[in-house]
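The values are calculated or read from the model by the stated rules, or taken from the named source; none is laboratory data. Remember, predicted model here, so these are calculated numbers, not experimental data. Please note: Cβ atoms are built from the backbone with ideal geometry, for glycine as well, and neighbour counts cover all protein chains shown.
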Amino acid sequence: MIVEAQVTINAPITKVWATMTNIENTAGIISGIQRIEVVERPADGLVGLKWRETRMLFGKPATIEKWITEEKENAFYTTRAEDGGFVFLTTNRISMGSAGITLKGIHQTLPQGIAARLKALPLVLFKTTIKKAIMQDLNDIKSAVERP
């Protein structure tokens, strides 16, 4: 299942990139994240950065370990997380547009194995909820970037 959302931001692309890649301080930027604990730092760049992220999901705190698998400066980064027989890939992508900078969030849920595929069937019912959560994260980044 793939869920996407996007917002337009009035700010330089470098400021958007700096804010969206400030993983260590994400809990102060994105309202849905309660806590970030960096587990591993790469020697250079973002690929290999690993952290534990705690956020509220369905009214309960949930912690998952995430890591950056791919990035292109001022363009995108992709994270991976694994839990309960699923792989979760999230890509945050920025691009120049006529109205400003477009920040797009793409979330993929990939079931691994038969049991996870069966558990994934009802996830389609939560697609709107997942999109709202992505949209909130993007709007929180937008607010942080556009703040004077």
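Miscellaneous remarks
Let's see how each residue does on (1) assigned to a strand (DSSP E or B); (2) of a type outside the set (Asp, Glu); (3) over 15 Å from the mean Cα position of the chain (by Cα):
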residue: THR54; (1), (2), (3): yes, yes, no
residue: GLU70; (1), (2), (3): yes, no, no
residue: SER95; (1), (2), (3): yes, yes, yes
residue: LEU103; (1), (2), (3): yes, yes, no
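- Residues of segment 92-101 that are among the polar types (S, T, N, Q) and crowded, with 18+ Cβ neighbours inside 10 Å: ASN92 alone.
- Every residue from segment 94-136 that is modelled with pLDDT of 85 or more, in contact with a Ser or Thr (Cβ under 9 Å, 6 or more places away or on another chain) and over 13 Å from ILE9 (Cα atoms): GLY105, ILE106, HIS107, GLN108, ILE130, ILE134, GLN136
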